[in-house]
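Below: one structure, written as structure tokens.
The values are calculated or read from the model by the stated rules, or taken from the named source; none is laboratory data. Source: prediction; values computed, not measured. Glycine gets a Cβ as well: all are built from the backbone with ideal geometry, and neighbour counts include every protein chain shown.
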Amino acid sequence: MTRTIVVTGGGTGIGRAAAQLFAEQGETVIVTGRRPRPLHELAAESGVRALVCDHTDPRALTTLLSELPDRIDVLVNNAGGNTDFDSDGATDLAAYARDFRANLDANLVSAALTTKALDDRLAPGGAVVHIGSIAADQGAGSYGAAKAGLAAWNLDLACELGPRGITANVVSPGYIADTEFFRDRLPDTRRTDLVSATATGRAGAPADIATTVAFLASPGARHITGQVLHVNGGAYRTR
Ligand code: NDP
């Protein structure tokens, strides 16, 4: 039976690679995001369905629900990013609070809201897969805190969904090149450092994360839940 897969933030980068992989496997795929253009380009290319939604906004999620089918087999909470990346640092408490909350909203609250909104539609045998980050373990201010919170919150989610035969896991990428996340934001020396830290000697690709997401969403992974699966090329070298 064809499964229905929802990939949030699926118009670009890792989400796009996951959506394309599921579509190639013959699944029915729905991608979401705030900007219509990348979504519609992907829809035209690979036949996925595109719906505009800001996953931090409960009202937008209510509208999204009205457009989604009654049965969802797999939810990939991929939407996110470091909203504080370009900040030079907050100059006052109000700005600090705004920046901190923006990262929590973008990376943690968005996943919790989306899962809550779709909860009734998640089918037995299904899976929820969140995209975390190596930043949860290495520290990266409010972004790392949000991704660490995502992994912690997922433990409860796994216990809630388990009796219904639904798994909940986090895929935690290391440095993934060629997505909008780092594009034009990272000096070449920093890129070299990030690659040097890996055991594999290379940056990850969106496809490396997509295949892991597909595995965790597959029947073969039905006894894996409440886990964080690190996909970072062994980014633990200190020299
Ligand atoms: P991208 O910027 O290409 O992907 C992020 C996607 O999320 C975009 O399509 C964006 O589209 C969407 N998005 C962001 N915020 C929202 C929102 N509020 N509502 C709906 N959609 C949203 O970068 P990546 O593919 O690299 O990032 C995907 C995930 O991987 C993120 O969660 C990121 O934190 C994580 N990650 C990335 C790493 C990397 O090295 N690239 C490393 C570790 C984790 P739009 O702006 O149109 O809404």
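Numbers for the structure displayed
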| read-out | value |
| --- | --- |
| Verdict on R185 being within 15 Å of the ligand (Cβ to nearest atom) and either of a type outside the set (V, I, T) or within 21 Å of Y236 (Cα to Cα) (or both) | yes |
| Matching residues in region 188-200 - criterion: being touching a residue at least 12 places away in the same chain (Cβ under 8 Å) and either within 15 Å of the ligand (Cβ to nearest atom) or at positive phi (or both) | R191, L194, V195, A197, T198, T200 |
| Helices (runs of 4 or more DSSP H) (entirely within region 135-239) containing at least 2 residues that are closer than 22 Å to L108 by Cα and at pLDDT 95 or above | 135-138, 141-161, 206-216 |
| Residues located in region 8-36, provided they are within 8 Å of the ligand (Cβ to nearest atom) and among the charged types (D, E, K, R) | R16, R34, R35 |
| Single unsatisfied condition, A123 versus (1) modelled with pLDDT of 95 or more; (2) of a type in the set (A, V, I, L, M, F, W, C); (3) outside any strand (DSSP E or B) | (3) |
